[in-house]
Amino acid sequence: MGKAISAIAVILLLNACRFNTNDKKILPIYGNRQPVTKTVNGATVTDTIYQTIPQFKFINQYGDSISNKSLNGDIYVADFFFTTCPSICPIMHRNMLDVYNAFKNTPDVKIISHTIDPKHDSVAVLKKYADKLGITGNTWWFLQGKKEDTYKLSESYLVRKPQEDAKQVFIHDGSFLLIDKQKRIRGSYDGTDPKQVSQLIEDIKTLRSYPDEIKVK
Amino acid sequence: MKKVITAALMCLVLLGCSDNKTQEKALLDSVIKIHDKVMGNDDRLMHNKMKLDTLLKTKLTGVPDTAAAKAMLMGLNIQLTDAEDAMEKWMGKFDPDQKGKSHQDIMNYFSVQKTQITTIDSAMNAAITASNKYLDQLKK
């Protein structure tokens, strides 16, 4: 009996430790940062300004105008795709469905997928594409607008800027980007890898557990 | 004996089908591989196009304000836009599923698509190289 009680106590202790570790998990903040010195109550303090996603305005699959303000107070996942993509996009969005299903009833979590082929991917085409995936409501928006605007915005999401000599693929590399309520990049995941997408789901849960310390204008 | 022959024939047919599918998949994969390379280059194309657009709209240091310089910029921009349009048209038309088509039709279709996307890849590379050369000159 004593052994049984000891075993239960050890299990409870281990679970408690695991819970605490999860609670303390801090997700990194990606991108450039700038130290800013200011005076608060007569004392000089140094604050850090992090890179954030700039303003944007696009149209979603319902024909509604969606801007950065539409995502105020939300944690969101962003990616880039096009509906006729025969290679990685179908795999990415099959995996993104897991994110959608995990959070479709969670009001402060959204997904935005930017098309990089707006000439073909009209609002009607995006709606048909969303319907085919079984997407309803306002958790997952498929966005279209000027191609130049989408590419400019992608520079902020992808952190890296293209170098002429770099042998890397940028906008079409299948990344899912996790953005916090302060519009900062908190994670980058390979959208074609189910394990990384599972990690993304866990990281969204972690992010949701953080206090909203900074209000976004 | 008759049963053995029938079974052997069925195996041959099945093996033939499987071989056809393997050939179709290999050819499709080679088309997709070029497509993905083209999509990677599209990023560079768009960034160069945006830089040239800015140069056309604003007077910047290093760009002579002459008709010849403007024509040069516009020519490079058109070359990039044409390559981009060709790629977008191809993407809109390409059908990787090819449902209900015969093996030969599928192989012919993918072969034609491979030629087309290879041509687009070359045009895109040429447009990016030319615009890179021009933009690099401005940096000096």
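Derivation of every value follows stated rules applied to the coordinates shown; laboratory data play no part. Quick caveat, the model's predicted, so the values are computed rather than measured. Neighbour counts run over all protein chains shown; Cβ positions are idealised from the backbone, glycine included.
Label the range A:57-149 by shape, choosing from rounded, prolate and oblate, from the square roots a ≥ b ≥ c of the eigenvalues of the Cα gyration tensor; if a/c is under 1.5 it is rounded, and otherwise prolate applies when a/b is larger than b/c, oblate when it is not. Since a/c reaches 1.5 but b/c is at least a/b, the shape of the range A:57-149 is classed as oblate. Per residue, the convex hull spanned by the Cα atoms of the range A:52-208 amounts to 107 cubic angstrom. When the pairs B:K37/B:K99; A:K104/A:K146; B:K2/B:K101; A:K57/A:K152; A:K147/A:K181 are compared against a 21 Å limit on Cα-Cα distance, B:K37/B:K99; A:K104/A:K146; B:K2/B:K101; A:K147/A:K181 fall above it.
Each 5 Å bin, from zero up to the one with the longest distance, holds this percent of the alpha carbon pairs of chain B: 2, 9, 15, 14, 11, 10, 8, 7, 6, 5, 4, 3, 2, 2, 1, 1, 1, 0. Only helices enter the 222 nm calculation for chain B: every DSSP H run of n ≥ 4 contributes -39,500 (n - 2.57), and dividing by all residues gives -31500 deg cm²/dmol, rounded to 500.
Of A:E155, B:E84, the sequence from fewest to most neighbouring Cβ atoms within 10 angstrom is A:E155, B:E84.
Computed from backbone phi, the HN-Hα couplings of the range A:82-95 come to 8, 5, 8, 4, x, 10, 7, 4, x, 5, 4, 7, 5, 6 Hz, rounded to whole numbers (Karplus: 6.51 cos²θ - 1.76 cosθ + 1.60, θ = phi - 60°; Gly and Pro given as x). Which of B:K49, B:K114, B:K25 ends up with the largest GNM mean-square fluctuation for chain B, with Cα atoms connected below 10 Å? Top of the fluctuation ranking is B:K25. Between B:A68, B:A127, B:A86, the GNM of chain B built on Cα springs shorter than 10 angstrom shows B:A68 fluctuating the most. What separates the Cα centres of the range B:54-119 and the range A:115-131 is a distance of 20 Å. This ranking places A:K181, A:K152 by how few other beta-carbon atoms lie within 10 Å of each, fewest first, which gives A:K152, A:K181.
Amide H to amide H distances under 5 Å link A:H114 with A:D79, A:F80, A:F81, A:L143, where only residues 5 or more positions off or on other chains count and H is placed in the peptide plane.
Remark: B:E88, A:E148 ranked as A:E148, B:E88, counting other beta-carbon atoms within 10 Å and listing the fewest first. Residues in the range A:111-116 carry Karplus couplings, in order, of 10, 10, 10, 8, 7, 9 Hz; the curve used is 6.51 cos²θ - 1.76 cosθ + 1.60 with θ = phi - 60°, and Gly or Pro positions show x.
The mean count of C-beta atoms from other chains within 10 Å of the C-beta of residues in B:37-50, rounded to a whole number, is 6.
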